[in-house]
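The values are calculated or read from the model by the stated rules, or taken from the named source; none is laboratory data. Keep in mind it's a predicted model, so treat the numbers as computed, not measured. A quick note on method: Cβ atoms are made from the backbone with ideal geometry, for glycine too, and the neighbour counts reach across all protein chains shown.
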Amino acid sequence: MDQLFRSKGFLTALFAMLFGTWFGMAKLAYTSDAPFNVSIRLLSPITVTTDLSLTFPPILSGTQTDLTVNPSDTNAAVFIAVGSPDMQVVGGIVESSIVMIAGSGSANERIPVDSFVTGGDMDTAGTASFSKSGTLDDLRVGATAHIKNNTLPGAYSGNATFRLLYK
């Protein structure tokens, strides 16, 4: 029996049993576990359609003015969007400014447009929420055109990009 206590295997097993139990109890006393759920909501792609383009009212050439169309005006751009119900989005114009051009686009045939402003279903920061049916039907944009007194008469046009994304 004396030889049993002196054997390496017995002492190792006894040591492991004593300290393993003690450390195991310490682990239980000083830790805590909590389960958690993992989930994801897959959103519908957003589809945006232009209902009305932004149109500035006619004005006589030779007049230097900053002509503004507010989002609440009938000439404002209006967009319709479809996406995931009740989800918040933010919309706005990608470009900070554009240039409307007539004729050959010479210096006197260019009208800069900037100061794009959102309205309708969007607040001034461009934030809106899809309805319970996943629609937004009054996304409005206004802007300011800067007309110089030497701008030639003509039909001016340009392109801007309205972007809507989930917030």
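General observations
- Qualifying residue in region 84-100 (condition: in a loop (DSSP other than H, G, I, E, B) and more than 27 Å from the chain's Cα centre (by Cα)): no
- Considering SER39, SER53, SER84, the condition of being modelled with pLDDT of 95 or more and surrounded by fewer than 10 Cβ atoms within 10 Å (Cβ to Cβ) is satisfied by SER39 alone.
- Hey, GLY103 of a type outside the set (Phe, Trp, Tyr), at pLDDT below 95 and more than 30 Å from LEU42 (Cβ to Cβ) or not: yes
- Among residues that are in contact (Cβ under 8 Å) with a residue 12 or more places away in the chain, more than 30 Å from PRO45 (Cβ to Cβ) and among the charged types (D, E, K, R), LYS148 is included.
- Region 99-121 residues that are at positive phi and among the polar types (S, T, N, Q), paired with ones that are assigned to a strand (DSSP E or B) and at pLDDT 95 or above (beta carbon under 8 Å, 6 or more apart): SER115/THR68; SER115/ALA143; SER115/THR144
- Among residues of region 115-167, those that are β-branched (Val, Ile, Thr), in contact with a Ser or Thr (Cβ under 8 Å, 6 or more places away or on another chain), over 30 Å from GLY103 (Cβ atoms) and surrounded by 12 or more Cβ atoms within 10 Å (Cβ to Cβ), counted: 1
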